[in-house]
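Asks: If you scroll down you'll find the structure; I have some questions about it.
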């Protein structure tokens with residue numbers, strides 16, 4: 001399988017007031033075209049920081065110390081800010097755990113999606129409004145005409161996550177990075193969002209990097225699993241192999257947690 005994304009020897013440090021903390025320590029990661037890779041690990045293992053480093057949207061205290069990140073054949077770490085802005089959103093998009101943290105509370109849902117479309121697709125307002133409606137329909141939002149005029153606080157968590165997915169797809173990205181997008185949702189809504197992501201992946205043909213601490217999701221969506229522990233990838237294999245014959249102790253811990261949850 002041809003790789004869409006190749007991360008090599010990525011190291012990220014946090015420069016705090018009185019110390020330097022190594023958050024990502026030599027990560028190597030590949031994602032193939034049209035592949036679903038699940039990046040698993042406990043909180044604080046470096047999953048999110050690795051994902052944010054791909055398009056250099058790290059916290060102000062973080063620095064990429066070394067490494068290369070090749071996407072569609074270009075090293076993103078070598079691009080200037082103007083060139084990188086053409087990649088963010090348009091070619092690589094993110095969805096996060098708390099969509100309301102990224103949706104603007106003072107603008108309607110419609111205005112935010114329309115603005116995203118106009119910014120990245122060079123469409124006029126009328127064309128963008130029609131596409132916004134189509135995107136809301138695609139993410140299975142009922143009564144999209146009404147939702148266009150709603151504000152984030154008027155929608156449920158699951159609805160806002162669907163809106164955020166619609167915004168992420170507005171530019172037809174080649175890679176969608178989903179960082180714990182279902183953690184705050186109940187199991188029924190979680191299942192719906194996972195099914196939605198797989199349906200959209202088939203329709204749009206993007207690759208999906210799904211970040212989670214919960215391996216119960218892996219069997220539902222992932223082609224491969226990479227396990228991260230203390231800033232490093234400690235194991236990587238096809239999903240079935242990870243569950244059938246895990247090698248690293250942290251992988252076994254994650255599987256035990258998955259099995260325990262399954263018995264509750």
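Only the coordinates and a few stated rules stand behind these numbers; no lab work does. This one's a predicted model, so the numbers in the text were calculated from it and none came from an experiment. Because the Cβ atoms are built from the backbone with ideal geometry, glycine has one as well, and the counts that use them run over all protein chains shown.
Asks: Kindly identify the stretch 143-184 as rounded, prolate or oblate by the Cα gyration tensor criterion: order the square roots of the eigenvalues as a ≥ b ≥ c, call it rounded if a/c is under 1.5, otherwise compare a/b with b/c, prolate if a/b is larger, else oblate.
Replies: Values: a/c = 3.32, a/b = 1.35, b/c = 2.47.
Since a/c reaches 1.5 but b/c is at least a/b, the shape of the stretch 143-184 is classed as oblate.
Asks: Then there is this: Which residues does a label at residue 154 reach in the stretch 87-111, if reach means a backbone N under 14 Å from a point 7 Å past the Cα toward the Cβ?
Replies: Residues 105-111 fall inside that zone.
Asks: For a test of the definition: using alpha carbon positions, the gyration tensor, and the 1.5 limit on a/c, classify the stretch 107-172 as rounded, prolate or oblate. Numbers along the way, then the final one.
Replies: Numbers: a/c = 1.73, a/b = 1.59, b/c = 1.09.
In terms of gyration-tensor shape, prolate.
Asks: Nearest 0.05, what FRET efficiency do residue 90 and residue 15 give at R0 = 30 Å with Cβ-Cβ as r?
Replies: Given R0 = 30 Å and the Cβ-Cβ separation, E is 0.50.
Asks: Multiply the residue gap between residue 137 and residue 43 by 0.36 nm, knock off their C-alpha separation, and tell me the result in nm, one decimal place. Before the final figure, lay out the partial values.
Replies: On the way: separation 94, 0.36 × 94 = 33.84 nm, distance 3.39 nm.
Full-extension gain reported as 30.5 nm.
Asks: A follow-up question, please. Mind telling me which of 135, 169, 37 comes out most flexible in a GNM of the chain, alpha-carbon contacts under 10 Å?
Replies: Evaluated over the chain, the most mobile residue of the options is 135.
Asks: Under a crude label model (7 Å from the Cα following the beta-carbon direction), how far is residue 241 from residue 198 in nanometres?
Replies: With each label point 7 Å from Cα toward Cβ, the separation is 2.2 nm.
Asks: Once every DSSP H run of n ≥ 4 in the chain is given -39500 (n - 2.57) and the sum is divided by its residues, what mean residue ellipticity at 222 nm do you get, rounded to the nearest 500 deg cm²/dmol?
Replies: Details: 10 runs with 100 residues, N = 264.
Result for the chain: -11000 deg cm²/dmol, rounded to the nearest 500.
Asks: For residue 108 and residue 61, calculate 0.36 nm times their separation in residues minus their Cα-Cα distance, and state this gained length in nm to one decimal. Intermediate values should be presented prior to the final figure.
Replies: Details: separation 47, 0.36 × 47 = 16.92 nm, distance 3.23 nm.
Contour length minus Cα-Cα distance gives 13.7 nm.
Asks: Shape call for the stretch 31-100 from the C-alpha gyration tensor, a ≥ b ≥ c root eigenvalues: rounded (a/c under 1.5), prolate (a/b greater than b/c) or oblate? If you can, show how the numbers build up before the last one.
Replies: Details: a/c = 1.39, a/b = 1.20, b/c = 1.16.
Verdict is rounded for the stretch 31-100.
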